[in-house]
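Taking it in order: structure first as structure tokens, then the write-up.
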2 protein chains.
Amino acid sequence: MRAGERAYQALRADIVEWRLLPGQVLGEVELSERLGISRTPVREALSRLTADGLTEPHSGRGVVVATISAEDVRSLYEFRDSLDCRAAELAARRGDPEVFRALAGELLEALEGLTSDDDPDHASYYELVQRMDAAIDEAAANPFLRQAQTGVRLHLARVRKLSKSDPRRLASAAVEHQRIAQAIADGDPALAIATTRVHLSNALQHALNTKELAPVRPAAS
Amino acid sequence: MRAGERAYQALRADIVEWRLLPGQVLGEVELSERLGISRTPVREALSRLTADGLTEPHSGRGVVVATISAEDVRSLYEFRDSLDCRAAELAARRGDPEVFRALAGELLEALEGLTSDDDPDHASYYELVQRMDAAIDEAAANPFLRQAQTGVRLHLARVRKLSKSDPRRLASAAVEHQRIAQAIADGDPALAIATTRVHLSNALQHALNTKELAPVRPAAS
DNA sequence: TAAGTCTTCTGTGTATACACTCGGGGTGTT
DNA sequence: AACACCCCGAGTGTATACACAGAAGACTTA
């Protein structure tokens, strides 16, 4: 793989998983030494991260990891609502019912797996949700919408990493996802929007309640 | 200004205004010679253009100017509908009524100026619409939404450059904009959404009818 | 002692040289 | 004659050197 691509993915993962904290200054020279590559691919990686909104220019002095406040989370979910509702609506209109009927069934099974927690990371559940997102994107068949979703999900993943894994919330989310999948499978756009909106409302409540957004201190250096 | 920034803006303008046609291959060496700068800032500019969706990677062989089909325009307006309706709704909830009342008044005046075409480019009208967009962004107060709008408007500008300036359509659009501004000024979110949707529906019809999207041939080289 | 300025230094912006990969064309073989 | 392999070149990917700008610190002066 290209060095710039590797650097981008490594830094992106570091930021999303909070190994690089908000306020941390990312110097080109320092990064090139740490990653063992030259400044050129590092610059490319930093440019892409800034375009993604994960880093911000620091007054001509390189870039810093972007902070994320509770207000940002609200804005993010508000924006996400526009995208996800439209995507669900389009999927209900255009999608293959069989695909979403199958997903709804898988979600029911996963719901049982979530109560009996033999999978502490719930990796299989998250993988299932990811497949559902991909299926909705596919069904919505709108490249602009898809690109926006990709960007939003990056920030969402970063926010989600802050939340404690709450089994009860996870079970509720699974039920909500199941209802969305069912509405799409039934080809009911209005219901798809409604179920999506319900899910996002609950998800935002959970995100704002259980997370410590403000207390996160910028990195010392 | 930085060389990379200049190169980016120059190329972006060339693509948006159809001086660079879809399919045109943009080689780094060729561009660096044409713009009188080195390859490094050219690479930066091309990266940003690709992130904007104005250019696409060409199998590791540089980038090419992105094509834009009638289907792309439909997708673009479908996506734009999500954004503009949400923005109008938020503006109706949060915006300062006075700002939009003033805009509605200016649109009424502009409507008269459009019929008596003493301004052949309608520059003042377009400037007014731009101010209204900015006011809505400001009132919606959502950074994610705003960034998405910026990206969409880039593609919209590119599509619009293909359309013949139709005075009747322009007058209709002015009325539609006026109704949107009025709904926002009245603090009526539902009406703001409805008027926006009406406007976009008409705009899409006009865009698809009057433009020659498919006939545009990729550049010879 | 405080404020202003000068110096220095760190780090980015740009240019250029080198390496490597992917196509294309030509030639040889079957 | 057709197919496969090899050589060559064009162009990108990466490294590095140099120029320049902004900031921090120290020194001087009022």
Search segment B:13-46 for residues being more than 13 Å from DNA strand D (Cβ to nearest atom) and of a type outside the set (A, V, I, L, M), and hand back the single one that is nearest to A:Leu145 (Cα to Cα). B:Pro22
Here is a check on your reading of the model: is B:Leu83 closer than 30 Å to B:Gly23 by Cα, in the same structural domain as B:Gln205 (by TED's automatic domain parsing) and in a helix (DSSP H, G or I)? yes
Being assigned by TED's automatic domain parsing to the domain that holds A:Leu204 and closer than 30 Å to B:Leu49 by Cβ narrows A:Glu127, A:Glu89, A:Glu112, A:Glu78 down to just A:Glu78
Checked segment B:62-74 for anything open to solvent by 10 Å² or more (accessible area, probe 1.4 Å) and more than 16 Å from DNA strand D (Cβ to nearest atom); matches are B:Thr67, B:Ile68, B:Ser69, B:Ala70, B:Glu71, B:Asp72, B:Arg74
Please determine whether any residue of segment A:29-46 is open to solvent by 40 Å² or more (accessible area, probe 1.4 Å) and within 15 Å of A:Ala157 (Cα to Cα). no
Out of (1) within 11 Å of chain B (Cβ to nearest Cβ); (2) more than 11 Å from DNA strand D (Cβ to nearest atom), the odd one out for A:Ala10 is which? (1)
Go through (1) under 21 Å from the mean Cα position of the chain (by Cα); (2) among the acidic types (Asp, Glu); (3) over 22 Å from A:Val152 (Cα atoms) one by one and return the number of the condition B:Glu112 breaks. (1)
Of all residues being surrounded by 17 or more Cβ atoms within 10 Å (Cβ to Cβ) and within 16 Å of DNA strand D (Cβ to nearest atom) in segment A:47-61, which is nearest to A:Glu28 (Cα to Cα)? Just the residue, please. A:Ser47
Just to be sure I understand, how many residues within segment B:116-155 are crowded, with 18+ Cβ neighbours inside 10 Å, modelled with pLDDT under 95 and either in a loop (DSSP other than H, G, I, E, B) or among the charged types (D, E, K, R) (or both)? 1
Those residues that are within 14 Å of B:Ala10 (Cα to Cα), within 14 Å of chain A (Cβ to nearest Cβ) and in contact (Cβ under 8 Å) with a residue 24 or more places away in the chain, I need them from segment B:23-49; list them, please. B:Pro41, B:Val42, B:Glu44, B:Ala45, B:Leu46, B:Arg48, B:Leu49
Say we look at segment B:156-172 and pick out the residues that are buried (at least 18 other Cβ atoms within 10 Å of the Cβ) and of a type outside the set (A, V, I, L, M, F, W, C); which of these is farthest from B:Glu71 (Cα to Cα)? B:Arg169
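The values are calculated or read from the model by the stated rules, or taken from the named source; none is laboratory data. On a predicted model such as this, the values are computed, not experimentally measured, just so you know. Virtual Cβ from ideal backbone geometry, glycine too; neighbours counted across all protein chains shown. Surface areas here come from the heavy atoms of the whole protein model, side chains and all, with no ligands, DNA or RNA. Shrake-Rupley method; radii C 1.70, N 1.55, O 1.52, S 1.80 Å.
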